[in-house]
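Colleague: Handing you a structure now.
The values are calculated or read from the model by the stated rules, or taken from the named source; none is laboratory data. No experiment lies behind these values; they were computed from the predicted model shown. Neighbour counts are summed over all protein chains in view; Cβ atoms, including those assigned to glycine, are modelled from backbone coordinates with ideal geometry. All accessible areas refer to the heavy atoms of the entire protein, side chains included, with ligands and DNA or RNA removed. Shrake-Rupley method; radii C 1.70, N 1.55, O 1.52, S 1.80 Å.
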Amino acid sequence: MIKTGKEPIKVTTYLAILSVCFIINLPGIVITPMEGRLKEILHDPELEIQLLTILPNFVIIPFVLLTAKLSVCRHKIPWIVSALFLYLGCALAYLFFNSMTALIIISCLLGCANGILIPFSMGFVVNTFFNKYRTRQLGIKSATSNLSVVIGSFIVGALVEKANWHMPFIVYLAAILPLIFSFWLKDIPGLSAKSASSLQVDISSSSSNVKKIDLPKVWSLIANNVSLSFMAMAVVIYLPQLIQGLGLDPMLAGKVISVFFIAVLGAGLGLLPFVRCLKHFSFFGIALFLLTGLTLITFVHFEWAFYVGAVFVGLAFGLFQPFIYDKTSYTVTDRSQSIRALSYVLTALYTAIAVEPFIVEGISLLFKIRDVNKFVFLLCFFMAIVYSICALCLRKKFAFSVEKEYIAEAEEMT
């Protein structure tokens, strides 16, 4: 049995939670390394390649918001299982279709499925675990999601040049795993119709005048999430082009991105010791990690600097993600609204990823900047300075604060 802070859950139920978390970061890891090869094989214009890369990111956003509505309905399991089947169906479709139009449609459908699964996977942890157990499990959830990216990137890298161009898409067949464990989803609190009914009884017994979600706090977390995600994702989106523009080994980009995700993975497991050490200055520590990494990448164009910079940015992003999602649980007054609040904050992450290329391109055109790749890291460097000042000066405000109970739990768990 796995301890939750209240009633323990079965190991199979815990594996069901982790199996869904394992697949949510996979979409997109195949397309980027294959862009060059797809141009050669399918002979499609640059516009269609860009649509294949960008459009699925926009499709995810409305479905993440849709989950906010689905999270308060009684029958959640059919939606989750349907999303898993759609995910697996897209994985199989990738192996047989040969046109760019088909790949774009499949990728958008995969984005729809993933948009539903992402908030639910986070909600599994928030609704199942409590207090100090929730903090640790959010770190494990983050590590599990990023472990799949590390493994998937390795598989894609091994298959992208040496095998049939369809083969890298087999990484998406990992959806079989959560489908197998879906039989135990009913044991997750709030998912079955029975447990959902009990939650509704709890809600109806509370005062109707009680505000269920503290929207000002949610908006502060959204702003925080958008800002840091924008800066951290620049490493994934623009670093490969920067390395190529500097005339360095093209293989270096893939290695640096892998190091970034390994750092994200490790940071998720080290959240509690980090909070125990820095206490109320934890967000400022995250900001310093981010600033250090971006400084190295922006101004020191050597291989070692890219590796070390990616580690620092990865640590910042890996510590930040479970931290910010755990703080989301403090914005609701009843558990049934947890996934709804998480959906709003998660939308900020995917909005930042989706609109970042357009923002950067727009600023570059407005000021007639020639080297966009160098400019974006310079922009993120100055943003990181401002963010660090905010994290220090606003450390008592909700978006950057660390509650005393949180620090006490970190000290107890470590």
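Colleague: When the accessible area of segment 304-390 is computed with all protein chains present and a 1.4 Å probe, what percentage of it is carbon and sulfur?
Modeller: Numbers: 2440 of 3340 Å².
Answer for segment 304-390: carbon and sulfur cover 73 percent of the accessible area.
Colleague: Between Ser364, Ser329, Ser71, find the one with the highest GNM mean-square fluctuation for the chain; connect C-alpha pairs within less than 10 Å.
Modeller: Taking springs between Cα atoms under 10 Å, the residue moving most is Ser364.
Colleague: Could I ask something else about it? Work out how far the C-alpha atoms of segment 44-176 reach from end to end along every principal axis, then list the three figures in whole Å, largest first.
Modeller: For segment 44-176, the Cα extents along the three principal axes come out at 50, 30, 25 Å.
Colleague: Let me ask something additional. For the chain, what is the charge dipole size about the Cα centre, in debye to the nearest 20, if Lys and Arg each add +1 at the Cβ and Asp and Glu each add -1 at the Cβ? Display every interim value, and only then the final one.
Modeller: Numbers: 31 positive and 22 negative charges, 257 e Å.
Taking the Cα centre of the chain as origin, the dipole is about 1240 debye.
Colleague: Further question on the same structure: Quick check: at a probe of 1.4 Å, how many percent of the accessible area of segment 213-303 sits on carbon and sulfur atoms? Working shown, then result.
Modeller: On the way: 2670 of 3680 Å².
Summing carbon and sulfur atoms, their accessible area is 73 percent of the total for segment 213-303.
Colleague: List the aspartates and glutamates whose alpha-carbon lies under 18 Å from that of Lys397, not counting same-chain residues fewer than 8 positions away?
Modeller: Once the sequence-local aspartates and glutamates are set aside, what remains near Lys397 is Asp214, Asp326, Glu405.
Colleague: Could I ask something else about it? Over 27 Å between Cα atoms, which of Lys6/Lys186; Lys132/Lys396; Lys69/Lys404; Lys10/Lys212 qualify? Write out the running numbers ahead of the final one.
Modeller: Values: Lys6/Lys186 17 Å; Lys132/Lys396 21 Å; Lys69/Lys404 32 Å; Lys10/Lys212 30 Å.
Beyond 27 Å between Cα atoms: Lys69/Lys404; Lys10/Lys212.
Colleague: Find how many whole Å separate the alpha carbon centroid of segment 1-17 from the alpha carbon centroid of segment 325-404.
Modeller: 32 Å
Colleague: Select from the chain the helices, each a whole stretch of DSSP H, whose alpha-carbon atoms run 24 Å or more along the helix axis and whose Kyte-Doolittle mean is at least 0.5; answer none if there are none.
Modeller: Numbers: long enough: 46-70 (37 Å, 1.52); 77-94 (26 Å, 1.82); 100-128 (41 Å, 1.77); 132-159 (41 Å, 0.46); 215-245 (43 Å, 1.14); 250-269 (31 Å, 1.92); 282-299 (26 Å, 2.07); 303-328 (38 Å, 0.87); 338-366 (41 Å, 1.37); 372-393 (31 Å, 2.17).
Result, helices passing both filters: 46-70, 77-94, 100-128, 215-245, 250-269, 282-299, 303-328, 338-366, 372-393.
Colleague: Gaussian network model of the chain, Cα springs within a sub-10 Å range: biggest mean-square fluctuation belongs to which of Phe120, Phe299, Phe289?
Modeller: Evaluated over the chain, the most mobile residue of the options is Phe299.
Colleague: Let me ask something additional. What lysines sit close enough to Lys255 to cross-link, taking a C-alpha to C-alpha distance under 27 Å and skipping anything fewer than 8 places away on the same chain?
Modeller: Result set, ordered by chain and number: Lys39, Lys141, Lys162, Lys374.
Colleague: Follow-up. Farthest toward the dipole's positive end in the chain, which of Val332, Leu26, Val360, given Cβ charges of +1 (Lys, Arg) and -1 (Asp, Glu) about the Cα centre?
Modeller: Toward the positive end, the furthest listed residue is Val332.
Colleague: Of the candidates Thr12, Thr128, Thr328, which one comes out as most mobile in a Gaussian network treatment of the chain with C-alpha springs shorter than 10 Å?
Modeller: Among Thr12, Thr128, Thr328, the largest GNM mean-square fluctuation belongs to Thr12.
Colleague: Highest mean first, how do 314-324, 135-145, 353-363 rank when packing is the count of other Cβ atoms within 10 Å averaged over residues? Provide the component values of the computation, followed by the final result.
Modeller: Numbers: 314-324: 26.4, 135-145: 23.5, 353-363: 16.1.
Highest to lowest by the protection proxy: 314-324, 135-145, 353-363.
Colleague: Might you tell me the accessible area per residue for segment 249-343, computed with a 1.4 Å probe and given in Å²?
Modeller: Here the residues of segment 249-343 average 35 Å² of exposed surface.
Colleague: OK, next. With r defined as the distance between the Cβ atoms of Val300 and Glu7 and R0 fixed at 35 Å, what FRET efficiency is calculated, to the nearest 0.05? Can you show the working numbers first?
Modeller: Details: r = 52 Å, r/R0 = 1.48.
Here the calculated transfer efficiency is 0.10.
Colleague: Okay, moving on. Determine the principal axes of the Cα atoms in the chain, then give the extent along each, sorted from largest to smallest and rounded to whole angstroms.
Modeller: Principal extents (largest minus smallest coordinate, Cα): 63, 51, 38 Å.
Colleague: Percent of accessible area on segment 1-122 owned by carbon and sulfur, 1.4 Å probe?
Modeller: Working: 3690 of 5320 Å².
Accessible surface attributable to carbon and sulfur in segment 1-122 totals 69 percent.
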